[in-house]
Structures are given as structure tokens and as C-alpha cells.
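Chemist: Structure below; questions to follow.
The values are calculated or read from the model by the stated rules, or taken from the named source; none is laboratory data. What you see is a predicted model, and the numbers here were worked out from it, not measured in a lab. Here the Cβ positions follow ideal geometry from the backbone for every residue, glycine too, while neighbour counts run over all protein chains shown. To get the accessible areas, we keep the full protein, side chains included, count just its heavy atoms, and leave off ligands, DNA and RNA. Shrake-Rupley method; radii C 1.70, N 1.55, O 1.52, S 1.80 Å.
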Amino acid sequence: MALDTALYLQFFIGLIAILNPFGLLPVFIGLTSHQSQIERAQTNATAMITVFLTLIIVLLVGQALLKMFGISIASFRIAGGGMLILIALSMLKGQMSDVRRNEDEVNESVTRESIAVVPLAIPLIAGPGAMTTAIVYSAEYPKWQHLVGFGCGIAAAALICWLVFRAAPLLSNFLGHTGINIITRIMGLIMMAMAVEFMSQGLKDIFPVLQS
């Protein structure tokens with residue numbers, strides 16, 4: 001039970017680092033600047049429900065997707081770890097990675113009436129990094145007990161994101177640009193460590209000689 005709790009906590013902390021709600025505060029405020037307080041709250045709720053459902057679906061079908069395409073968990077760990085490194089490097093610089101959004105998605109969000117689902121929930125919050133993490137953990141620990149634990153971690157992470165965005169103006173003023181960048185860099189460091197762990201474990205699975 002202690003090992004399971006540590007596993008779920010590891011998943012939750014890694015997911016929070018990847019979602020990085022504090023780093024997305026300026027983005028959220030910018031995207032909802034034209035909305036009233038009630039509309040912003042509705043956007044926040046819709047986005048978090050979308051994030052939760054998206055990651056739960058990915059968690060449940062992740063292993064099946066890998067099997068369907070004939071991809072081993074070791075190979076996916078290495079590929080996913082490489083992508084997380086790209087995101088982490090941008091976060092360590094206090095920037096948002098192009099892996100999470102590109103210029104076309106930014107331009108489209110300007111003219112889109114509802115930004116809750118796209119681009120806020122997907123891909124800004126529940127982006128490739130979060131989906132990769134859900135797939136890796138679900139494929140590595142496919143028992144339903146573990147999936148329930150990971151699902152609780154996803155729910156808790158979505159709740160924290162909702163609370164952070166709910167207090168977005170207050171937190172943004174309190175932390176300031178420097179404070180947000182510091183938190184983003186810390187989250188980037190955690191993500192980098194997790195990415196290295198993904199890749200090293202994948203390499204050990206492919207090349208057992210590395211385990212000695």
C-alpha cells in the first residue's frame with residue numbers, strides 16, 4: 001500500500017509539473033480578458049472538465065493504442081521522455097514550448113468565441129506531455145486498482161488547476177512575472193528529471209545489459 005501511494009503521488013506531482021497551472025496564468029488571463037467574471041468562471045470550469053475527461057480517456061485507452069500500433073512501452077518511454085525534455089527545456093528558460101502550442105493555434109484562439117476546450121484545455125493544459133505521462137503510467141501499471149489511483153491523481157490535478165485559474169488575477173498580481181517564471185523553472189526541472197527517468201528506464205528495457 002505504501003508503494004502504491006508513493007506511485008500515485010509520483011504520478012500526481014509529475015502531472016502537476018507538466019500541466020504547470022501557475023505558468024499558464026498569464027495565458028489564461030490573456031485568453032479570457034474580454035470575458036466577464038461569470039464567463040471566465042464558466043470557461044475555467046469547462047476547460048477543467050475537458051482536461052479531466054481527456055486525460056481519463058487517454059489513461060484508459062493508452063495501453064490499447066500502443067498495442068494497436070505495435071509500440072512497446074520501452075520505445076514509448078524513450079520517445080515520450082525526449083518530448084518531455086523539449087518542453088522542460090523551454091520551461092527552464094521561462095518560456096512556453098512550441099510542443100504545447102504553435103503560432104497557428106495562437107492566431108485561431110483570437111477569433112474563436114469559446115476558448116475553453118481549444119486551445120485552453122487542449123493543447124495548452126492537457127497537451128502532449130500530460131497525455132504521454134498518462135499513457136506511460138497506464139501501460140506500465142495496467143491493473144484497475146492503479147488506474148483508479150491515477151484517475152484520482154488526474155482529478156486532483158484538474159482541481160488544483162481550477163483553483164489556480166479561479167484566483168488568476170489575485171495570484172498573477174501576487175506572484176508577478178518573476179514569481180511565475182521561478183515556479184515555471186521549478187516545474188521544468190521536475191519534468192526534466194521525470195523525462196530522464198522515462199528514457200533511462202526505456203533504454204534499460206531495450207538493452208538489459210545497462211541494468212548491470
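Chemist: Let me spell out the model: positive unit charges on the Cβ of Lys and Arg, negative unit charges on the Cβ of Asp and Glu, origin at the Cα centre of the chain. What dipole size does that give, in debye rounded to 20?
Modeler: 280
Chemist: Are there chymotrypsin sites (Phe, Trp or Tyr not before Pro) in region 16-93 that DSSP marks as loop and that have at most 12 other Cβ atoms within 10 Å, and which are they?
Modeler: Those that pass, being in a loop and sparsely packed, are Phe69.
Chemist: For the chain, what are the DSSP H helices with axial Cα length of 30 Å or more and mean Kyte-Doolittle hydropathy of at least 1.0?
Modeler: 37-68, 144-166
Chemist: At a 1.4 Å probe radius, carbon and sulfur cover how many percent of the accessible area of the chain?
Modeler: In the chain, the share of accessible area belonging to carbon and sulfur is 67 percent.
Chemist: Does region 1-58 come out rounded, prolate or oblate, given a ≥ b ≥ c as the square roots of the eigenvalues of its C-alpha gyration tensor, rounded meaning a/c under 1.5 and, failing that, prolate meaning a/b above b/c? Before the final figure, lay out the partial values.
Modeler: Values: a/c = 3.39, a/b = 2.21, b/c = 1.54.
It is prolate, given that a/c is not under 1.5 and a/b is the larger ratio.
Chemist: If you average the alpha carbon positions of region 1-30 and of region 48-91, how far apart do those two centres end up, in angstrom?
Modeler: Distance between centres, Cα-based: 15 Å.
Chemist: Connecting C-alpha atoms closer than 10 Å in a GNM of the chain, tell me which of Glu140, Glu197, Glu39 has the biggest fluctuation.
Modeler: Among Glu140, Glu197, Glu39, the largest GNM mean-square fluctuation belongs to Glu39.
Chemist: Further question: What is the sum of charges around Val58, taking Lys and Arg as +1, Asp and Glu as -1, for the other residues whose C-beta is under 15 Å from the C-beta of Val58?
Modeler: Summing Lys/Arg as +1 and Asp/Glu as -1 gives 0.
Chemist: Fully extended, how many nm does the chain gain between Gln145 and His177 (0.36 nm per residue separation, minus their Cα-Cα distance)?
Modeler: Additional length available on full extension: 7.4 nm.
Chemist: Find the relative contact order for the chain and round it to a whole percent, using C-alpha pairs within less than 8 Å whose residues are 6+ positions apart.
Modeler: Once divided by the residue count of the chain, the mean separation gives 44 percent.
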